[in-house]
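Take a look at the structure below.
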Amino acid sequence: MVSIVIPIYNEEEIFHLLHSAVSTAMNSTEEDWEVVYVNDGSKDSSLDLLLQTQAADPHVVVVDLSRNWGHMGAITAGLRVAQGDAVILMDGDLQDPPSVLPEMIVEWRKGAQVVTAVRRSRKESRKLLAFIFPLFHKFFGAMSDYPIPINAGIFGLVDRQALDSINSLQEGNRYFPGLRAWVGYKNAIVYYDRADRVGGEGKLSFMSRIKYAFDAICSFSYKPLRISAACGVLCLGIGAVLALSLLAGNVSVYTPLIAAMFFLAGLQMICLGAVAEYVGRIYDEVRRRPLSLIRQVYGRSNAYGLQQTHSEELRAA
Ligand code: UDP
Ligand code: MG
């Protein structure tokens, strides 16, 4: 079975359009499917619409959260409830076109375990965001310590094994596109043109986007921590050049003072960099990400106490 997980926050204007587009796309495939709508504390009639749809359509599962937890909170809940052998994540505003769902399923059927939908182009009527998104993706691509496909959001498919790995991660500040790339497994990419929102207003606040950008950078890059050490080395270098110019006799009365300032600032920044290394390691330890993930062990069944994956349990049932 294929599950589609969709977070819903105040989407009453477009919900019917969304559900019929998803149903049409999924019925065009041969797959058994369910769609898991996660109501993220909507204040409009979204929950009523979801429940009516659920009563009428056996494909629908509704998860109602206790309050508004934000995009990532809603997604995380949906991924834990979804029962599919493959799970597709998409936004509920039809910016992620349902016509791409069958393409992702084809890649999964061909053996891919993680299918990332990468934006070939992006329609964005909000000018500021249209300007910021590509900048962020370029910057993140340069910062990330681990190769993560850029121009990709949550839209994509993960199979049961990859999903169980993602679900087992305990970290709270989650950047889903990063985690999806980080778990590894057999990857494939499908390209799509990102549409504009079909109706209603964008639901993510500017501050929540900034937090998400920090989540992305802090959880996949040590570079910001190392910047102070690098600046410290630079300052020491400048201090050393100034000190040498003292020896060469080419000085003003201020040169020794300035050289001493650069030396001290450099030393301080290097010490800060040393502390930052420890902070980074503490962050790694508290996140408790596994050091490696096994796809399969050949030649021994259930060796090393590997857990049966959820999909195996489903198949056995
Ligand atoms: N969403 C959510 N909780 C929130 C904000 C948004 O579940 O607190 C949902 C929203 O209904 C939509 C998806 O997350 O299905 C993406 O939100 P939106 O389209 O507003 O984001 P944007 O396109 O502005 O990035
Ligand atoms: Mg959107």
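For segment 134-186, list log₁₀ I(q)/I(0) at each q in 0.15, 0.24, 0.27 Å⁻¹, using the Debye formula over Cα point scatterers of equal strength and ignoring solvent, two decimals each.
-0.43, -1.01, -1.18
Taking a temperature of 37 °C and a viscosity of 0.692 mPa s, what whole-number D in µm²/s does Stokes-Einstein yield for the chain with Rh from Kirkwood over alpha carbon pairs?
For these conditions, the coefficient is 147 µm²/s.
Using only Cα atoms, find the angle between the long axis of helix 71-81 and the longest principal axis of the chain, and express it within 0 to 90 degrees, rounded to the nearest 10.
50
By DSSP, what percent of the beta bridges with both residues in the chain are antiparallel, rounded to the nearest 5?
Expressed as a percentage, antiparallel bridges in the chain total about 25.
Could you work out how far apart the two model spin labels at Asp64 and Gln296 are, taking each label as a point 7 Å from the Cα in the direction of the beta carbon, and quote it in nm?
4.3
Mind pulling the angle between the C-alpha long axis of helix 15-27 and the longest principal axis of the chain? Nearest 10 degrees, somewhere in 0 to 90.
Around 80 degrees separate the two axes.
When the convex hull of the Cα atoms of segment 176-289 is projected onto a plane and the area is averaged over all directions, what value comes out in nm²?
So the Cα hull casts an average projection of 13.1 nm².
For the chain, what is the charge dipole size about the Cα centre, in debye to the nearest 20, if Lys and Arg each add +1 at the Cβ and Asp and Glu each add -1 at the Cβ?
Around 1360 debye, computed over the chain.
Give the cross-link partners of Lys123 among the aspartates and glutamates, using a straight C-alpha distance below 17 Å as the criterion and excluding same-chain residues fewer than 8 apart.
Candidates past the 8-residue exclusion: Asp91, Asp93, Asp96, Asp193, Asp196, Glu201.
Picking from Ala55, Ala77, Ala117, which is most flexible by a Gaussian network model of the chain using Cα springs under 10 Å?
Residue with maximal mean-square fluctuation among Ala55, Ala77, Ala117: Ala55.
Can you give me the three principal axis dimensions of segment 1-158 from its C-alpha atoms, in Å, biggest first?
That works out to 47, 39, 26 Å along the principal axes.
Rounded, prolate or oblate, given the Cα gyration tensor of segment 80-223, with a/c below 1.5 counting as rounded?
Because a/c hits 1.5 or more and a/b fails to exceed b/c, segment 80-223 counts as oblate.
Using only the Cα atoms of segment 144-236, what semi-axes does the equivalent ellipsoid have when each is the square root of 5 times a gyration tensor eigenvalue? Give whole Å, largest first.
Largest first, segment 144-236 gives 28, 20, 14 Å.
Quick one: check the C-alpha center-to-center distance for segment 201-216 versus segment 261-275, whole angstrom.
Distance between centres, Cα-based: 33 Å.
As I understand it, the dipole of the chain uses +1 on the Cβ of Lys and Arg and -1 on the Cβ of Asp and Glu, about the Cα centre. Which of Tyr37, Gly273, Leu18 lies farthest toward its positive end?
The Cα lying farthest towards the positive end belongs to Gly273.
Have a look at Leu247, Leu47, Leu293 and tell me which one the Gaussian network model of the chain (Cα, springs below 10 Å) gives the largest fluctuation.
Taking springs between Cα atoms under 10 Å, the residue moving most is Leu247.
Output the 0 to 90 degree angle, nearest 10, between the alpha-carbon long axis of helix 206-220 and the longest principal axis computed from the alpha carbons of the chain.
70
With θ set to phi - 60° and the Karplus curve 6.51 cos²θ - 1.76 cosθ + 1.60, what are the ³J(HN,Hα) couplings of segment 132-143 in order, to the nearest whole Hz, using x for Gly and Pro?
My calculation for segment 132-143 gives 6, 3, x, 4, 4, 5, 5, 4, 5, x, 6, 7 Hz in order.
Rounded to whole Å, give me the distance from the Cα center of segment 16-45 to that of segment 118-137.
25
Where a number appears in this text, it was derived from the coordinates with a stated rule and is not lab data. Predicted model only: the values in this text are computed from it and were never measured. When we count neighbours, we look across all protein chains shown, and the Cβ atoms used for this are built from the backbone with ideal geometry, even at glycine.
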